[in-house]
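Down below is the structure, laid out as structure tokens.
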């Protein structure tokens with residue numbers, strides 16, 4: 001009997017995914033429909049006690065749908081670190097993290113030059129693919145700039161490959177072909193935080209994460225399910241009516257559960273009353289944030305008397321990116337929340353490296369033996 005294609009095997013592992021009424025994907029609604037639906041659901045959680053119950057349901061629903069409930073007790077993952085480069089005000093090194101047995105994720109670690117307690121920042125990337133996997137994702141100029149500046153400000157920062165991007169693509173992993181990507185990427189985010197908090201000097205009381213587009217989905221999902229996150233900064237993704245257009249964002253039933261329905265605004269709000277900065281623009285599905293999503297977030301934060309803890313940096317004339325003005329909003333917000341000193345011109349000091357220079361796996365540091373077969377469903381724990 002011939003073997004079934006790997007993709008079929010992956011889908012059979014998730015029979016619920018095939019039920020279309022359990023998934024909300026892409027532009028599932030109009031903004032007007034989303035506004036009406038949120039207004040109706042507000043009655044289900046219009047007190048702090050009711051919202052805390054709903055937040056717990058949303059949190060558990062995400063983990064159950066992703067096959068991560070309950071999250072196990074964990075030690076820091078195995079890590080290989082090499083090729084440390086000292087720059088002007090920061091250092092960067094190439095890292096691989098074994099997030100699950102045989103599943104090795106390429107990453108770059110940015111650290112301040114000065115010693116002392118370091119806030120921790122996870123920096124996830126979105127879906128801007130190019131023909132060369134070493135030119136986008138964690139290798140993008142804008143990613144290197146924001147990670148390096150945050151390191152100059154005193155933070156320990158990590159950027160890592162999403163499944164099927166960067167060195168994951170070079171290893172043969174595909175992106176956008178299986179709902180298992182949501183499970184893998186959320187688990188990778190958890191394990192990246194495990195690693196970062198194991199660093200000497202890491203301040204477990206000052207943990208932030210940020211990302212753009214699909215990376216922002218990772219940001220608000222991890223903030224929803226992991227209480228260790230103190231500050232969440234999702235960029236150009238939080239929308240009441242757009243649910244993410246990739247299987248890594250909405251390929252599993254994280255929005256529609258047996259006991260509730262939630263959109264990405266409500267998932268982002270599970271972080272309440274901790275600080276949340278939603279960065280939006282005028283040329284994508286976040287164009288209505290100031291008038292649609294932000295007021296609903298304020299209502300939820302208001303249940304904790306914490307309206308001031310949620311903010312929106314909106315750039316009406318800009319598009320779908322993590323551009324200079326958006327990065328400045330990030331620096332200012334983290335400076336305020338973590339007691340840091342932002343440097344408005346620090347990006348001019350950043351030396352942009354090539355993807356080849358930043359590789360975790362190369363001839364001198366090959367992928368370890370017995371690595372997971374690409375596009376197979378792997379045991380996470």
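The values are calculated or read from the model by the stated rules, or taken from the named source; none is laboratory data. Just so we're clear, the structure is a prediction, and the values are computed from it rather than from any experiment. Don't worry about glycine lacking a Cβ; one is built from the backbone with ideal geometry, like all the others, and counts go over all protein chains shown.
Figure legend. Inter-residue proximity from the stretch 240-269: first residues in contact (Cβ under 8 Å) with a residue 24 or more places away in the chain and on the phi > 0 side of the Ramachandran plot, second residues surrounded by fewer than 23 Cβ atoms within 10 Å (Cβ to Cβ) and part of a loop (DSSP other than H, G, I, E, B), beta-carbon distance below 9 Å, spacing 6+ or different chains. Indicated pairs: 244/24; 244/25; 244/26. Annotation note: Cβ proximity below 8 Å between a residue of the stretch 297-310 that is within 12 Å of residue 45 (Cβ to Cβ) and a residue that is in a helix (DSSP H, G or I) and at pLDDT 95 or above (sequence gap 6+ or interchain) occurs for 299/42; 300/51; 300/266; 300/269; 303/48; 303/51.
Residues being assigned to a loop (DSSP other than H, G, I, E, B), modelled with pLDDT of 95 or more and either within 28 Å of residue 205 (Cβ to Cβ) or within 20 Å of the chain's Cα centre (by Cα) (or both) are represented in the stretch 309-320 by at least one member. As for the stretch 71-80, it holds at least one residue that is surrounded by 14 or more Cβ atoms within 10 Å (Cβ to Cβ) and either part of a strand (DSSP E or B) or at positive phi (or both). For residue 229, the conditions (1) under 25 Å from residue 65 (Cβ atoms); (2) touching a strand residue (DSSP E or B) at 6+ places or on another chain (Cβ under 9 Å); (3) not in a loop (DSSP other than H, G, I, E, B) all hold with the exception of (3). Test residue 369 against the stated conditions and say whether it is farther than 30 Å from residue 117 by Cα, surrounded by fewer than 18 Cβ atoms within 10 Å (Cβ to Cβ) and at pLDDT 95 or above. So residue 369 does not fit the description; no.
Going by the structure shown, is residue 9 part of a helix (DSSP H, G or I), at pLDDT below 95 and either at negative phi or surrounded by 15 or more Cβ atoms within 10 Å (Cβ to Cβ) (or both)? It is true that residue 9 is part of a helix (DSSP H, G or I), at pLDDT below 95 and either at negative phi or surrounded by 15 or more Cβ atoms within 10 Å (Cβ to Cβ) (or both). Restricting the stretch 270-296 to residues that are in a loop (DSSP other than H, G, I, E, B) and free of Cβ contacts under 8 Å to residues at least 40 places away in the same chain leaves a set whose member that is surrounded by the fewest Cβ atoms within 10 Å (Cβ to Cβ) is 291. Within the stretch 240-255, the residues that satisfy the criterion of being within 15 Å of residue 224 (Cβ to Cβ) and not in a loop (DSSP other than H, G, I, E, B) are 249, 250. The residues of the stretch 185-222 that are more than 21 Å from residue 247 (Cβ to Cβ) and assigned to a loop (DSSP other than H, G, I, E, B), listed by number, are 198, 199, 200, 201.
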